[in-house]
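Have a look at the structure below before the remarks.
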Amino acid sequence: MWRFISRKALINTPFLGSLIRIYGKTVIGSGTIIDNTVILGYPTRRSLVKILEEGARPQDLDHAFDEVSGGCIIGEGCIIRSGCIIYERVKIGNGVQLGHNVLVREETEIGDDSSIGSYTIIEGETRIGSRVNIQSNVFIPRRTVIEDDVFLGPGVVITNDKYPPSGKIVTTRICKGAIIAANAIIIAGVKVGPNSFVAAGSLVTKDVPEGVAVKGSPAKPFGEMDVFLRKREEYLKSN
């Protein structure tokens, strides 16, 4: 089929591309664009195992996926670009933009007016606030919490297992207004404080206090956030 749309889905937008798959009780808000080859409501592993146990026929795979999927919720005025896969039980707010080939796993919530760059992976049970700017090729593991107004530069990696593969998952928290520059690595369980700054390429192994700028491997404080903001303002005013 060139397109599969569940009869259980509630779709309030005409902007639907070709080769899309919409499973389960998915809800799509008005004015949202669903680009080509997007999959919404993709079943979790547990749901796929159920399909195998029930002996679904390969030619009926879309209907089998639709039967087990709980669907997802996409808000109003969103842009979901080609190649994105959004699992079941994901909730995306209004005005959210996803780049190409973004993966969002189950039980994740993304707040209003956030932007997720191409090829970013967001694993399950993650909470992302409003007005969050996540650049391309970012990895966000299960149970991460990212608060409002956070910026994650391209290639940022967040981890959730201190002694991999221990199987003991811990929450890593990026607090409101924090800025994490390109290719920084945040070790499992770390809290990056509100309005703090992590320089590009840093390895963050300990909590970052509120309003502090850190850099290096391991990352260490080198100033206050207001110094960084002042330098940025000077840079913007320069020729």
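Would it be correct to say that GLY95 is in a strand (DSSP E or B) and surrounded by 15 or more Cβ atoms within 10 Å (Cβ to Cβ)?
Here the answer is no, as GLY95 does not meet what is asked.
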Filtering region 183-192 down to residues that are in a loop (DSSP other than H, G, I, E, B) and over 14 Å from THR171 (Cα atoms) yields ASN183, ALA184
Could you count how many residues in region 213-227 are in contact with a Gly (Cβ under 7 Å, 6 or more places away or on another chain) and either under 15 Å from LYS176 (Cα atoms) or at pLDDT 95 or above (or both)?
2
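Every residue, every condition in (1) surrounded by fewer than 17 Cβ atoms within 10 Å (Cβ to Cβ); (2) more than 12 Å from the chain's Cα centre (by Cα); (3) assigned to a loop (DSSP other than H, G, I, E, B); (4) in contact (Cβ under 8 Å) with a residue 40 or more places away in the chain, yes or no:
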site	(1), (2), (3), (4)
GLU106	no, no, yes, yes
ASP112	no, yes, yes, no
ASN160	no, yes, yes, no
PRO164	yes, yes, yes, no
GLY167	yes, yes, yes, no
GLY201	yes, yes, yes, no
PRO218	yes, yes, yes, no
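Tally up the residues in region 124-146 that are farther than 19 Å from GLY193 by Cα and not hydroxyl-bearing (Ser, Thr, Tyr), please. Write out each step before concluding.
Of all residues in region 124-146, those farther than 19 Å from GLY193 by Cα come to 124-125, 135-139, 142.
Among the residues that remain, those that are also not hydroxyl-bearing (Ser, Thr, Tyr) are: 124-125, 135, 137-139, 142.
Within region 124-146, residues that are farther than 19 Å from GLY193 by Cα and not hydroxyl-bearing (Ser, Thr, Tyr) number 7.
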Is one or more of the residues making up region 134-146 closer than 18 Å to ARG105 by Cβ, of a type in the set (Lys, Arg) and either in a loop (DSSP other than H, G, I, E, B) or at pLDDT 95 or above (or both)?
yes
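So that you can scan it fast, the table gives a plain yes or no per residue for (1) in contact with a Cys (Cβ under 6 Å, 6 or more places away or on another chain); (2) under 22 Å from GLY17 (Cα atoms); (3) outside any loop (DSSP other than H, G, I, E, B):
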position: LEU40; (1), (2), (3): yes, yes, yes
position: LEU52; (1), (2), (3): no, no, yes
position: LEU61; (1), (2), (3): no, yes, yes
position: PHE65; (1), (2), (3): no, yes, yes
position: GLY77; (1), (2), (3): no, yes, no
position: GLY83; (1), (2), (3): no, yes, no
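So in region 14-37, with the set limited to residues that are of a type in the set (A, V, I, L, M, F, W, C) and under 16 Å from CYS78 (Cβ atoms), which one is surrounded by the fewest Cβ atoms within 10 Å (Cβ to Cβ)? Let's see the steps before the verdict.
Narrowing region 14-37 to residues of a type in the set (A, V, I, L, M, F, W, C): 15-16, 19-20, 22, 27-28, 33-34.
Of the ones still in play, those that are also under 16 Å from CYS78 (Cβ atoms) are 15-16, 20, 22, 27-28, 33-34.
Details: PHE15: 14, LEU16: 17, ILE20: 20, ILE22: 26, VAL27: 17, ILE28: 27, ILE33: 17, ILE34: 26.
The selected residue is PHE15.
The values are calculated or read from the model by the stated rules, or taken from the named source; none is laboratory data. Bear in mind the structure is a predicted one, so any value in this text is a computation, not a measurement. Here the Cβ is made from the backbone with ideal geometry for all residues, glycine too, and neighbour counts use every protein chain on show.
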